[in-house]
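The values are calculated or read from the model by the stated rules, or taken from the named source; none is laboratory data. Predicted model only: the values in this text are computed from it and were never measured. Cβ coordinates were reconstructed from backbone atoms using ideal geometry, including for glycine residues, and neighbour counts include every protein chain displayed. What goes into the accessible areas is simple: the full protein's heavy atoms, side chains included, and nothing from ligands, DNA or RNA. Shrake-Rupley method; radii C 1.70, N 1.55, O 1.52, S 1.80 Å.
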Amino acid sequence: MKYRLLATDLDGTLLNDQKEIDVETIEAIHEYRQRGGKVVICSGRSPLSTQWIARTIGLEGEPIIAYNGSILIDENGEVSEQSVFQYEPLLSFWELCEAEGIYAHFYEGDILLVPQVNKWNENWIENNIPTLEKSGGERQHCQSFREKCQVKVVEDFYRYVKEQKPNITKIAVFDDGNKMAHFTKRLKEQSFDMEISSSFNFVNLEITPTGVTKASALMKLTEQLKIPLSQTAAIGDNYNDALMLSVAGLGIAMGNAPEKVRQLADQVTGTNNEVGVAKAIRRYLLE
């Protein structure tokens, strides 16, 4: 087998626009695994979200990369590695958000820390743990996963960080207007010790601690598994996948990926609504 491991993104990749995973895709994944391949979810989603999706489609026993590389979950479902933000850069970042009028929320394990309830977080638990009814998700199990998630309103974030010293692994930034480009520029000007990317064509920002990306996590994982990077494939659809597609032995961009991301990939498959992952597995990996 030329490619022994497949790292796959979730949103816009494995998940279609209805937040389901097509039966054809699940079948292709298991055919690849039956031939000896490993399938690793590599997502910006939370640990519980990635574990729920892995369980639903039968990927239990495989490692997982969550929060864009900040958290590695081993074959037993336990967190094996975690990267967190230092407190001073975190507080400086929060001060800039307040100065620029930018909304951000923060991920502390499977708790979402928000300054207030609004449209960007009010349905977070439901979006974080989608029902996956058409993908084989069972309502009872879905509910048990949702009950482990929490949205916590933190009105004084500065004080919360100072007093609680939370282990924050990821930040997400949203804006309705046209402030995002200016805000990103300000972050870079101030040399924040952070990795800045996007899972939605820079309409949002996804931020992880410095040096932490899907690519760095994949490199770490393949080293642990003793699988050469040249024997790995990666598939994704957005800017937070770009480095991962570049470092993998075979980088595959979804048909719905932005043009710049498609250009970085070795191959381009169908869109997430055209079972693009299944097509890629059958065309490039089942050799």
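Can you confirm whether GLN164 is over 29 Å from MET219 (Cβ atoms) and under 21 Å from the mean Cα position of the chain (by Cα)? Criteria not met by GLN164.
If only residues of the stretch 176-201 that are in a loop (DSSP other than H, G, I, E, B) and open to solvent by 80 Å² or more (accessible area, probe 1.4 Å) are counted, the one that is modelled with the highest pLDDT is LYS179. Scan the stretch 203-219 and tell me whether some residue there is among the basic types (Lys, Arg), surrounded by 24 or more Cβ atoms within 10 Å (Cβ to Cβ) and at negative phi. The answer is yes, given that some residue of the stretch 203-219 is among the basic types (Lys, Arg), surrounded by 24 or more Cβ atoms within 10 Å (Cβ to Cβ) and at negative phi. If you go through the stretch 239-264 and keep only what is open to solvent by less than 20 Å² (accessible area, probe 1.4 Å) and over 22 Å from LEU205 (Cβ atoms), you end up with ALA248, LEU250, GLY251, ILE252. Among the residues of the stretch 37-67, count how many are open to solvent by 10 Å² or more (accessible area, probe 1.4 Å) and of a type in the set (S, T, N, Q). Within the stretch 37-67, residues that are open to solvent by 10 Å² or more (accessible area, probe 1.4 Å) and of a type in the set (S, T, N, Q) number 2.
When GLY69, GLY136, GLY109, GLY101 are screened for being in contact with a Lys or Arg (Cβ under 6 Å, 6 or more places away or on another chain) and at positive phi, only GLY69 passes. Beta carbons closer than 6 Å, at least 6 apart along the sequence or on distinct chains, pair a first residue in the stretch 23-45 that is modelled with pLDDT of 95 or more with a second that is β-branched (Val, Ile, Thr) and assigned to a loop (DSSP other than H, G, I, E, B) for GLU24/VAL275; THR25/VAL275; ILE26/ILE57. Counting only helices (runs of 4 or more DSSP H) that fall entirely inside the stretch 240-287 and contain at least 1 residues that are closer than 14 Å to ALA215 by Cβ and of a type in the set (Gly, Ala, Ser), the qualifying elements are 242-247. Looking only at the stretch 217-230, decide whether some residue is modelled with pLDDT under 90, part of a helix (DSSP H, G or I) and small (Gly, Ala, Ser). Among the residues of the stretch 217-230, not one is modelled with pLDDT under 90, part of a helix (DSSP H, G or I) and small (Gly, Ala, Ser), which makes the answer no. Selection of the stretch 68-91 for residues being farther than 16 Å from ASN167 by Cα and out of contact with any helix residue (DSSP H, G or I) (no Cβ under 7 Å at 6 or more places or on another chain) yields ASP74, GLU75, ASN76, GLU78. All told, THR13 falls short of being in a helix (DSSP H, G or I), β-branched (Val, Ile, Thr) and either under 17 Å from the mean Cα position of the chain (by Cα) or modelled with pLDDT under 95 (or both). Looking only at residues in the stretch 68-85 that are hydrophobic (A, V, I, L, M, F, W, C) and touching a residue at least 40 places away in the same chain (Cβ under 8 Å), which one is most open to solvent (accessible area, probe 1.4 Å)? The extreme case among them is VAL84.
State whether one or more residues within the stretch 18-34 are part of a loop (DSSP other than H, G, I, E, B), touching a Phe, Trp or Tyr at 6+ places or on another chain (Cβ under 8 Å) and farther than 20 Å from THR222 by Cβ. Scanning the stretch 18-34, I find no residue that is part of a loop (DSSP other than H, G, I, E, B), touching a Phe, Trp or Tyr at 6+ places or on another chain (Cβ under 8 Å) and farther than 20 Å from THR222 by Cβ, so the answer is no. Could you tell me whether the stretch 106-127 includes any residue that is open to solvent by 50 Å² or more (accessible area, probe 1.4 Å), among the hydrophobic types (A, V, I, L, M, F, W, C) and farther than 22 Å from LEU15 by Cα? So far as the stretch 106-127 goes, yes, one or more of its residues are open to solvent by 50 Å² or more (accessible area, probe 1.4 Å), among the hydrophobic types (A, V, I, L, M, F, W, C) and farther than 22 Å from LEU15 by Cα. Take the conditions surrounded by fewer than 20 Cβ atoms within 10 Å (Cβ to Cβ), within 21 Å of GLN82 (Cα to Cα) and of a type in the set (A, V, I, L, M) and apply them to ILE171. Does it pass? When the stated conditions are applied, ILE171 does not pass them.
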